[in-house]
Structures are given as C-alpha cells and as structure tokens.
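Remarks on the structure that follows.
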Amino acid sequence: QVQLVESGGGLVQAGGSLRLSCVASGSIFSVSSMAWYRQAPGKERELVATTTHAYNTQYLDSVKGRFTISRDRAKNTGYLQMNSLRPEDTAVYYCNAAVRTTAWEAARVYWGRGTQVTVSP
C-alpha cells in the first residue's frame, strides 16, 4: 500500500509564501508523476501543477510565475513552492502521484488527504 501525506499548509497574508510538501511512502517501485490539486469551498477540484518523470511541468494559468512544482526522487517527495499568494488561492491542496509498486505493474494514482491553505487579504 502507498500513502501520500501533505504538509506545509497554513494561514498567510496576501503576498506571502508557503511551501507544501508531499511524502510518498509504502511499497514504492517508482513514482511516474506528481501533481498538486486544490479545492476551494463550493468549487470543483482543479489541477494546479504537475511534474512528470521527465521533469516536464505544467501549471494552472492563474499560478504561472508564482508557484513552482518540484520533486526529490530519492526521497519520493514532491514540493509546491507558492509565492505572491492571493486570497483566491485559499483552498485545500491535495497531492496526487502515479506510483508503481512493482516493476511489472502499471502505475496507480494515489491521493493525499489534503492540507489547508488560507490567504488573508
């Protein structure tokens, strides 16, 4: 079994920064990709940023230039550096990873339980 645990959320003023972490643990052969999603109250979950095995990255338009996704493969850990935060970034942020538990099985997608990010005006 694989677990994803996010951390680093909190309350910050507009213009501030936070760094989210996502640690994957358990029976892991490899992590193909990692992504961050967020869900604000009353809204659907949306993809914020993703990074693939080849370190290609993609971002939600509204966070481009402010957020940076990265990975530490050796630690099976992903990060989301969030700068110049805005009140509209307030949401629960979820980590998502495509993980292979053995060399011969296809990757499965796992989710963390989320971490709250609140940006005050």
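Observations
- Residue check for G78: on the phi > 0 side of the Ramachandran plot and in contact with a strand residue (DSSP E or B) (Cβ under 9 Å, 6 or more places away or on another chain): no
- Within region 85-121, if we keep just the residues that are open to solvent by 10 Å² or more (accessible area, probe 1.4 Å) and touching a Gly at 6+ places or on another chain (Cβ under 6 Å), the residue that is nearest to P41 (Cα to Cα) turns out to be V92.
- Members of region 22-42 found to be open to solvent by 70 Å² or more (accessible area, probe 1.4 Å) and farther than 17 Å from G9 by Cβ, listed by number: F29, G42
- Within region 60-80, tally of residues that are within 25 Å of V2 (Cβ to Cβ) and open to solvent by 60 Å² or more (accessible area, probe 1.4 Å): 4
- Taken over region 3-13, the criterion of being surrounded by 14 or more Cβ atoms within 10 Å (Cβ to Cβ) and small (G, A, S) is satisfied by G8, G9.
- Region 38-78: number of residues that are of a type in the set (S, T, Y) and touching a helix residue (DSSP H, G or I) at 6+ places or on another chain (Cβ under 8 Å): 1
The values are calculated or read from the model by the stated rules, or taken from the named source; none is laboratory data. In this text, all values refer to a predicted model and were calculated from it rather than measured experimentally. FYI the Cβ positions are ideal-geometry reconstructions off the backbone, even for glycines, and counts take in every protein chain you see. The accessibility values were calculated without ligands, DNA or RNA, using every heavy atom of the protein model including side chains. Shrake-Rupley method; radii C 1.70, N 1.55, O 1.52, S 1.80 Å.
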